[in-house]
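Reading through the structure tokens given below for one structure.
The values are calculated or read from the model by the stated rules, or taken from the named source; none is laboratory data. This is a predicted model, so every value here is computed, not measured. Glycine gets a Cβ as well: all are built from the backbone with ideal geometry, and neighbour counts include every protein chain shown.
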Amino acid sequence: MEKDKTPYTVDVGRGAPLPVSPPGTSDAATLGTSLMRISGSSFILRHDGICYPMTILQQDAKHLRIWSRHHAVDVMVRDEKDQLLESWGYDPTASAAERELLAPMPGLVLSVAVSPGEHVAAGHPLLVLEAMKMENELRADADCVVEAVHVTAGQAVGKKQVLMEFAS
């Protein structure tokens with residue numbers, strides 16, 4: 001989290017996501033919220049002039065369990081890429097039970113990395129979509145089986161077009 005100097009948003013499930021400056025940045029004055037590492041997994045979150053001591057209990061790339069003020073809170077962290085995809089209509093919080101991969105934006109399919117019947121693990125690359133001169137690798141959100149692939153390399157796709165279907 002410290003290497004990327006772009007603001008993050010943190011969603012604790014209560015209202016709109018909160019913009020947070022990563023540790024070591026000077027964005028706190030403009031965002032009103034900052035995070036400072038004390039040691040190891042101990043941090044202080046400063047929001048609206050109030051400091052909240054906290055400890056990160058467990059984490060993966062996007063989800064944290066935080067212990068603060070005698071309570072555990074689950075939060076979802078969105079970096080700049082997540083926020084951009086969300087602004088284009090892609091829902092990063094969509095349940096794995098949703099059995100379709102939709103195009104998060106219009107673009108051109110550069111390559112398809114899976115085929116029907118293939119078992120894929122969470123994080124496994126599914127396809128590469130070029131949009132706005134950038135290559136975007138779409139990955140599996142959860143362990144699943146590819147049921148159908150509806151696109152091929154070289155095909156243009158529209159926003160929210162079904163690209164693949166998965167079996168539960």
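Taking the listed residues Val149, Val120, Val114, Val128, the one that is over 22 Å from Lys81 (Cβ atoms) and among the aliphatic types (A, V, I, L, M) is Val149, with no other qualifying. Given the criteria acidic (Asp, Glu), surrounded by fewer than 15 Cβ atoms within 10 Å (Cβ to Cβ), modelled with pLDDT of 65 or more and closer than 30 Å to Gln155 by Cα, does Glu86 qualify? It is false that Glu86 is acidic (Asp, Glu), surrounded by fewer than 15 Cβ atoms within 10 Å (Cβ to Cβ), modelled with pLDDT of 65 or more and closer than 30 Å to Gln155 by Cα.
Scanning the range 39-83 for residues that are under 24 Å from Glu137 (Cα atoms) and among the polar types (S, T, N, Q), we see that the one that is surrounded by the most Cβ atoms within 10 Å (Cβ to Cβ) is Gln83.
Rundown of residues vs (1) basic (Lys, Arg); (2) at pLDDT below 70; (3) out of contact with any helix residue (DSSP H, G or I) (no Cβ under 6 Å at 6 or more places or on another chain), yes/no style:
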{"residue": "Val10", "(1), (2), (3)": "no, yes, yes"}
{"residue": "Leu18", "(1), (2), (3)": "no, yes, yes"}
{"residue": "Ser26", "(1), (2), (3)": "no, yes, yes"}
{"residue": "Leu64", "(1), (2), (3)": "no, no, yes"}
{"residue": "His71", "(1), (2), (3)": "no, no, yes"}
{"residue": "Arg78", "(1), (2), (3)": "yes, no, yes"}
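Scanning the range 97-106 for any residue that is modelled with pLDDT under 85, of a type in the set (Gly, Ala, Ser) and assigned by TED's automatic domain parsing to the domain that holds Val162 turns up at least one such residue.
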